[in-house]
Amino acid sequence: MHTSINKRAVVMGATSGMGRLVALGLLGRGWTIGIAGRRTDELLALQQTAPERVYVRTIDVTHDDAPQLLRQLIDEMGGMDLYFHSSGFGRQNTELDSAIENSTVMTNAFGFTQMVDAAFQYFRQTRRRGRIAVISSIAGTKGLGAAPAYSATKRFQWTYIEALAQLARMEGLDIRFTDLRPGFVRTDFIVGKNYPMQLTPGSVVGHILSDIEKGRRVRTIDWRYRMLCFFWRLLPQWAWERMKIR
Ligand SMILES: NC(=O)c1ccc[n+]([C@@H]2O[C@H](COP(=O)([O-])OP(=O)(O)OC[C@H]3O[C@@H](n4cnc5c(N)ncnc54)[C@H](OP(=O)(O)O)[C@@H]3O)[C@@H](O)[C@H]2O)c1
């Protein structure tokens with residue numbers, strides 16, 4: 001991504017993993033950023049890397065005041081060109097532990113909806129050109145027996161962004177969308193798990209920044225996962241439901 005003087009982005013879920021690296025990547029390219037998440041200490045530590053260009057808000061996307069806090073952050077920054085949503089939660093949950101399923105739905109469906117809606121409303125009200133980019137997952141490709149709420153909420157995110165993209169065009173708004181769908185990435189999210197084909201956070205964030213710059217609408221990361229998802233989609237439903245994927 002080219003150096004972008006005066007460009008402003010909010011990164012939701014900037015306290016760790018891919019969100020944190022995206023925030024650092026944007027900073028390195030000259031952006032002013034607003035960073036948010038629940039862990040204030042992590043946000044303040046990140047702010048120290050460039051105090052004059054980093055604005056901080058502690059936000060829990062599942063709380064009712066989250067959209068209002070996002071709007072305050074945007075106003076404090078003097079506007080927003082990019083809203084980047086990385087916040088997410090998920091666990092393997094074959095036991096259907098309701099605490100896990102409910103937290104997943106609250107974070108990835110309810111929280112996701114109210115935050116991307118708040119970003120959309122900002123661009124709509126200001127008639128400002130902007131981009132909403134989100135990290136969903138390849139998990140939305142099919143229902144996954146090992147992670148029911150996670151796979152279902154990631155599919156929800158795909159569909160929600162598609163709907164907002166259509167709505168923006170219906171209203172003649174200059175809002176663009178990027179849906180980033182990585183495979184397994186070695187972050188805290190999957191720490192201790194022995195999943196195959198793990199990608200490094202640095203390489204994935206390199207793809208993410210480049211895909212945003214190119215204005216891609218949807219991107220599965222990386223090519224091996226593009227092939228895997230291609231074959232998953234070819235399977236008839238009866239065959240998919242007989243597969244044991246853990
Ligand atoms: N790692 C993978 O294998 C993988 C693969 C595909 C997609 N993804 C997706 O990538 C995204 C980022 O995950 P990651 O791998 O970078 O893991 P991570 O390091 O665990 O990051 C998760 C981020 O979400 C934030 N978050 C969680 N609940 C939140 C809440 N209620 N309110 C606000 N922020 C919240 C966390 O911040 P706080 O805890 O400070 O709130 C943290 O910054 C997630 O949406 C995940 O589903 C991950």
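Identify which of 227, 12, 80 has the largest mean-square fluctuation in a Gaussian network model of the chain, with springs joining Cα atoms closer than 10 Å.
227
Find which of 118, 173, 225 sits farthest along the positive direction of the dipole of the chain, computed with +1 on the beta-carbon of Lys and Arg, -1 on that of Asp and Glu, about the Cα centre.
The listed residue farthest towards the positive side: 225.
Please identify, among 53, 181, 233, the residue showing maximal mean-square fluctuation in a Gaussian network model of the chain using a 10 angstrom Cα cutoff.
233
How would you classify the stretch 1-93 from its alpha-carbon gyration tensor, with a ≥ b ≥ c the square roots of the eigenvalues: rounded for a/c under 1.5, else prolate if a/b is greater than b/c, otherwise oblate? Could you put the intermediate results ahead of the total?
Values: a/c = 1.70, a/b = 1.35, b/c = 1.26.
Because a/c hits 1.5 or more and a/b exceeds b/c, the stretch 1-93 counts as prolate.
List the relative contact order of the chain as a percent without decimals, with contacts defined as Cα pairs under 8 Å and 6+ residues apart.
On the way: 430 pairs, mean separation 43.4, N = 246.
Taking the mean separation of contacting Cα pairs over the length of the chain, I get 18 percent.
Hull surface divided by four, with the convex hull built on the Cα atoms of the stretch 8-240: how many nm²?
On the way: hull surface 51.7 nm².
Over all viewing directions, the stretch 8-240 projects a mean Cα-hull area of 12.9 nm².
Measuring from label point to label point, each 7 Å out along Cα→Cβ, what is the residue 53 to residue 94 span in nm?
Computed distance between label sites residue 53 and residue 94 equals 4.8 nm.
Can you compute the helix-only [θ] at 222 nm over the chain? Use -39500 (n - 2.57) per DSSP H run of at least 4 residues, normalise by all residues, nearest 500 deg cm²/dmol. Mind dumping the intermediate values first?
On the way: 9 runs with 108 residues, N = 246.
Calculated at 222 nm, the ellipticity per residue is -13500 deg cm²/dmol.
Work out the P(r) tail for the stretch 28-70: percent of alpha carbon pairs separated by more than 15 Å, whole number. Kindly include the intermediate steps, with their values, before the conclusion.
On the way: 377 of 903 pairs.
Counting pairs separated by more than 15 Å, the tail of P(r) holds 42 percent.
Treating only the Cβ atoms of Lys and Arg (+1) and Asp and Glu (-1) as charged, compute the dipole magnitude of the chain about its Cα centre; round to the nearest 20 debye. Don't skip to the answer; put the middle values down first.
Numbers: 33 positive and 22 negative charges, 197 e Å.
Taking the Cα centre of the chain as origin, the dipole is about 940 debye.
Placing +1 at every Lys and Arg Cβ and -1 at every Asp and Glu Cβ, with all other atoms neutral, what dipole size does the stretch 147-222 have around its Cα centre, in debye to the nearest 20? List each step's numbers first, then the result.
Details: 11 positive and 8 negative charges, 41 e Å.
With only Lys, Arg, Asp and Glu charged at Cβ, the dipole is about 200 debye.
Read-outs: derived from the displayed coordinates by stated rules, not from any lab. As the structure is a prediction and not an experimental result, all values here were calculated from the model. Quick reminder, even Gly has a Cβ in these numbers, built from the backbone with ideal geometry, and neighbours come from all protein chains shown.
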